[in-house]
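The values are calculated or read from the model by the stated rules, or taken from the named source; none is laboratory data. None of these values were measured; they are calculated from a predicted model. Virtual Cβ from ideal backbone geometry, glycine too; neighbours counted across all protein chains shown. These area figures cover heavy atoms from the full protein model, side chains too; ligands, DNA and RNA do not enter into them. Shrake-Rupley method; radii C 1.70, N 1.55, O 1.52, S 1.80 Å.
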Amino acid sequence: IDSTETNGFIQKYENNQINISTRKLSGELLKIISKEMPNVIIGSADLSESNCFNSSKKSQNKVITADDFSSNYIHYGIREHAMCGIANGLSTFDLVPVVGTFLVFISYCLGAIRLSALSGHKVIYVLTHDSIGLGEDGPTHQPIESLTILRSIPNLLVFRPANHMETLISYKIALEQKNTPSCICLSRQNVLSYDSIGDSNEEFNKLCSNGAYIYYSSVLDNSESIGFSLSLILISTGSELELCKKVAKKLQDENKISCRVVSMLSTELYDRTTEEFKSFLLPKEIKKISV
């Protein structure tokens, strides 16, 4: 899948909601992807409603069955390990499997995810409920260690988008990979819609390749004009981004501490950037706190 195809599905998506969870944004994108890209096979491990995969009871006639392989949706049932193993098999036949479960349940299918990375299988793992702020489910559904585990696996891209734009970018990059699986980690709670970091495609593509950018700064380009220079950098991923921005504003207003908020969509993409970019985005001499 090349950039022409992914730009096509991006153009077909219209964001009409101010506050929406990234899992719901993902669901809207998956509806478009499943229509536009016939080689994409979608399926969830019995969590299609929670993962926002497009497999309602009204669409049973579109599901792959033992007698009909003409569709592009698989009901995997409660079997994450089998689902991810099947996804690896599908990817060997030039199909692009998109599979879904909760982020905390990667423990059930970590062997298959690791095999995806080792063998260069192009599988997209959609992992929802990515935060400790989950509500009634409690610690059994809180993925405390999951992001760290995924980010430690070589040849695996891990995305944790904070808003509409970053969710689009995550899917765009994941779909354009050739021999690398991707994990897209998505929120249960609503996040603020934030559509762009600029007016040009050049800035959009720059974020695609860098994996991180300055989301907010209380320091102007000419810091002398406001009387203080950069003192602190808050690095955020996903749904904590707006919280970090609020903290940065409070530090500025109440404590006169100048602060930059960096959105780190993908640590793997950031690691691939130049030392010049890293020095610009995260200067070594500035204190940093990751959230």
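Just tell me, in residue order, which DSSP H segments of the chain are both 15 angstrom or longer along the helix axis (alpha-carbon based) and at least -1.0 in mean Kyte-Doolittle hydropathy.
22-36, 80-91, 164-176, 241-255
Would you mind checking LYS35/LYS288; LYS122/LYS250; LYS245/LYS284; LYS250/LYS284 for any pair whose Cα atoms are more than 32 angstrom apart?
Among LYS35/LYS288; LYS122/LYS250; LYS245/LYS284; LYS250/LYS284, the Cα-Cα distance tops 32 Å for LYS35/LYS288; LYS122/LYS250.
How high is the relative contact order of the chain, given as a whole-number percent (alpha carbon pairs under 8 Å, six or more residues apart)?
So the answer I get is 17 percent.
In square angstrom, what is the accessible area per residue of the chain with a 1.4 angstrom probe?
Using a 1.4 Å probe on heavy atoms only, each residue of the chain averages 49 Å².
Please compute, over every Cα-Cα pair in the stretch 81-156, the percentage with a separation greater than 21 angstrom.
27 percent
Using Stokes-Einstein with the Kirkwood hydrodynamic radius over Cα pairs, what translational diffusion coefficient do you get for the stretch 227-287 at 25 °C and a viscosity of 0.890 mPa s, in µm²/s rounded to a whole number?
197 µm²/s
If the label point is 7 Å along Cα→Cβ of THR273, which residues in the stretch 130-159 have backbone nitrogen under 17 Å from it?
158-159
How long is the chain along each principal axis, judged by its Cα atoms, biggest number first, in Å?
Projected onto the principal axes, the Cα atoms of the chain cover 72, 42, 38 Å.
Once neighbouring chains are kept in place and the probe is 1.4 Å, which whole percent of the accessible area of the chain is contributed by carbon and sulfur?
About 51 percent, which is the carbon plus sulfur part of the accessible surface.
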